[in-house]
1. For segment 34-65, how many residues meet the condition of being closer than 18 Å to Asn88 by Cβ and either in a strand (DSSP E or B) or touching a Cys at 6+ places or on another chain (Cβ under 6 Å) (or both)?
2. Here is a list of conditions, (1) under 12 Å from Ala18 (Cα atoms); (2) part of a helix (DSSP H, G or I), and Val101 meets all of them except one; can you say which number that is?
3. Checking the condition within 11 Å of Val101 (Cβ to Cβ) and either among the aliphatic types (A, V, I, L, M) or surrounded by fewer than 19 Cβ atoms within 10 Å (Cβ to Cβ) (or both), which residue from Ile29, Ile5 passes?
4. Residue check, Tyr68 against (1) out of contact with any Lys or Arg (no Cβ under 7 Å at 6 or more places or on another chain); (2) not in a loop (DSSP other than H, G, I, E, B), all met but one. Which one?
5. So the check is Cβ under 8 Å with 6+ separation or different chains; which pairs have a first residue in segment 39-55 that's more than 19 Å from Ser21 (Cα to Cα) and a second one that's in a loop (DSSP other than H, G, I, E, B)?
6. For segment 16-25, state whether one or more residues are touching a Phe, Trp or Tyr at 6+ places or on another chain (Cβ under 8 Å), in contact (Cβ under 8 Å) with a residue 12 or more places away in the chain, surrounded by fewer than 20 Cβ atoms within 10 Å (Cβ to Cβ) and among the charged types (D, E, K, R).
7. Kindly list the number of the only condition in (1) of a type outside the set (D, E, K, R); (2) farther than 19 Å from His3 by Cβ; (3) surrounded by 14 or more Cβ atoms within 10 Å (Cβ to Cβ) that fails for Ser53.
8. Please indicate, with yes or no, whether at least one residue in segment 23-33 is within 13 Å of the chain's Cα centre (by Cα) and assigned to a loop (DSSP other than H, G, I, E, B).
Amino acid sequence: MGHDISGINNAEKVIAYARFSMWNDDASILYSLLDAEHFDAGVSGIGDMSTFSIQQIEKALNTYNQLYVSESDFLDWDRKQILNFIQNCLATAQKEGSVRVYFG
């Protein structure tokens, strides 16, 4: 068990991926940034998907930057994967108008 969160483009290609073990509390950071706590089943995602607009992903990135900007040189693995996930989702949303995220 664990959190396998994927960003998916219009062509059904995975463009972003974040993996957290079932006991890793950092998974909650990504759920929170995406305002998607209802997709968190505790030890994994609920196995459902949602579509996010450019504005929603921009908000997640802005919030991330506000919370972790002072730590940018010292980010641990999980914070880096969260940042990369959001940035990749934003690039796709800007190109395609939205991005889908699967919470497994």
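Laboratory data are not the source of any read-out in this text; all were calculated from the coordinates shown. Since this is a predicted model, take the numbers as computed values, not measurements. Here the Cβ positions follow ideal geometry from the backbone for every residue, glycine too, while neighbour counts run over all protein chains shown.
1. Result for segment 34-65: 7.
2. Single failed check for Val101: (2).
3. Being within 11 Å of Val101 (Cβ to Cβ) and either among the aliphatic types (A, V, I, L, M) or surrounded by fewer than 19 Cβ atoms within 10 Å (Cβ to Cβ) (or both) holds for just one of Ile29, Ile5, which is Ile5.
4. (1)
5. Ser50/Ala36; Phe52/Leu34; Ser53/Gly97; Ile54/Gly97
6. No, segment 16-25 contains no residue that is touching a Phe, Trp or Tyr at 6+ places or on another chain (Cβ under 8 Å), in contact (Cβ under 8 Å) with a residue 12 or more places away in the chain, surrounded by fewer than 20 Cβ atoms within 10 Å (Cβ to Cβ) and among the charged types (D, E, K, R).
7. (3)
8. Among the residues of segment 23-33, at least one is within 13 Å of the chain's Cα centre (by Cα) and assigned to a loop (DSSP other than H, G, I, E, B), which makes the answer yes.
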